[in-house]
Every structure is written in C-alpha cells, then in structure tokens.
C-alpha cells in the first residue's frame, strides 16, 4: 500500500520494517474489514497523537461508506475512552490495592457523563470495537474485559478482537519510532 510505504519512507531499521509489515498485514489481510481497520486506526492514532497515522487512517476512510459524523466519532472515541480508561484504572487500582477495603463502596458511581456511549453514530458494535482497541492501548484491564465481553456477546469473532489488540500494539510501537 503506497500510503504505508510513504509513512515509512525514511525508516529503514529492522524494527521499523517489522512495524510496517505488521501494520500492512493488519490493515490489508487481517480479520477486520477495511472500514473497521481504518476506524480503529483513526481512534488509536488519535489516542497516541500521531498526525501521520491519523492522516493515513483518514486517507483509508475516504473509500469507506462512513459519514463525516461517524468519522469524527471514531476520532473522538479516543477522548471519551481516555477519560474512562483513566477513571476505571483508578477504581481498579484502589480496589485491588487492598489498602482500602471500602473502595468499592466509596467509588461506586463514576458520576462522569458518558451519554455518547448509549447511541453512537457508528452503531453499538462498531463503537465497542473502538472502545476495546483504545482500552487495550491505554492498558485498562476492567475496560478491556468489559468491552471484550460485549463484543463476544454481539458475535464479533475472536480473530477480529485479537486483531484490534494487535493493531493497538502496533500503533503504540509506531508512535515510539516518531513516525
């Protein structure tokens, strides 16, 4: 794919080649359809603040049947999930830390507005896929488990779920290259 080649034009190390190959395989040959892969890439690229990966995702989305509102929602899913991942990691750490046996009761309600999750423009399953991918990237175990369960309950294959996790890992690696 020319767009990926251009992204890695000045990256010649073995590590860069590995990451380029992994990205290409996930976007072109993986279990995710091209639209799912491009939306996930957009959410993940936004999460790591990579303008080059964001531009790649937007280029890939041009040939997909998503409205501007859906594309914007995919990009903004990084923001809402970033907020939720931080909060639920906090709750998990306090609860599992053992020092505060009262933690579950003390922090029962998040009290954070998240109505955007109720009726997403992309549809429930597609938004859950993005939420899962961003949660993997952000390392929130409780969110990962919650979104994985919803995806499985809605018939999303293990292969797609696995590719979302791998795409999150590859995006994190590419960001480390400064691409």
message: For segment 106-146, I need the span (max minus min coordinate) of the C-alpha atoms along each principal axis, in Å, sorted largest to smallest.
response: 34, 22, 13
message: Could you identify which residue out of 168, 57, 79 has the top mean-square fluctuation in a GNM of the chain using Cα springs shorter than 10 Å?
response: 79
message: Using a Gaussian network model on the chain with a 10 Å cutoff between Cα atoms, which of 113, 89, 58 fluctuates the most?
response: 113
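Could you rank the peptides 12-23, 127-138, 142-153 by their average count of other C-beta atoms within 10 Å per residue, with the highest value first? List each step's numbers first, then the result.
Working: 12-23: 14.5, 127-138: 26.4, 142-153: 17.2.
Sorting 12-23, 127-138, 142-153 by mean packing, highest first, produces 127-138, 142-153, 12-23.
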- line: Fewest-first ordering of 94, 158 by Cβ atoms within 10 Å yields 158, 94
task: Relative to the longest principal axis of the C-alpha atoms of the chain, give the angle of the C-alpha long axis of helix 124-138, reported between 0 and 90° and rounded to the nearest 10°.
output: 90
message: Whole angstrom only: what separates the Cα centroid of segment 121-179 from the Cα centroid of segment 15-93?
response: 9
message: If I take every Cα pair under 8 Å that is 6 or more residues apart in the chain, average their sequence separation and divide by the length, what percent do I get for the relative contact order?
response: 30
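Taking the beta-carbon count within 10 Å as an exposure proxy, list 39, 167 from fewest neighbours to most.
On the way: 39 29, 167 25.
Fewest-to-most ranking of 39, 167: 167, 39.
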task: Rounded to whole Å and ordered largest first, report the semi-axes of the equivalent ellipsoid of the chain derived from its Cα gyration tensor (root of 5λ).
output: 30, 19, 14
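Any read-out appearing in this document is the output of simple, stated calculations on the displayed coordinates, not a laboratory observation. Just so we're clear, the structure is a prediction, and the values are computed from it rather than from any experiment. Cβ: placed from backbone, ideal geometry, glycine included. Neighbour counts: every protein chain shown.
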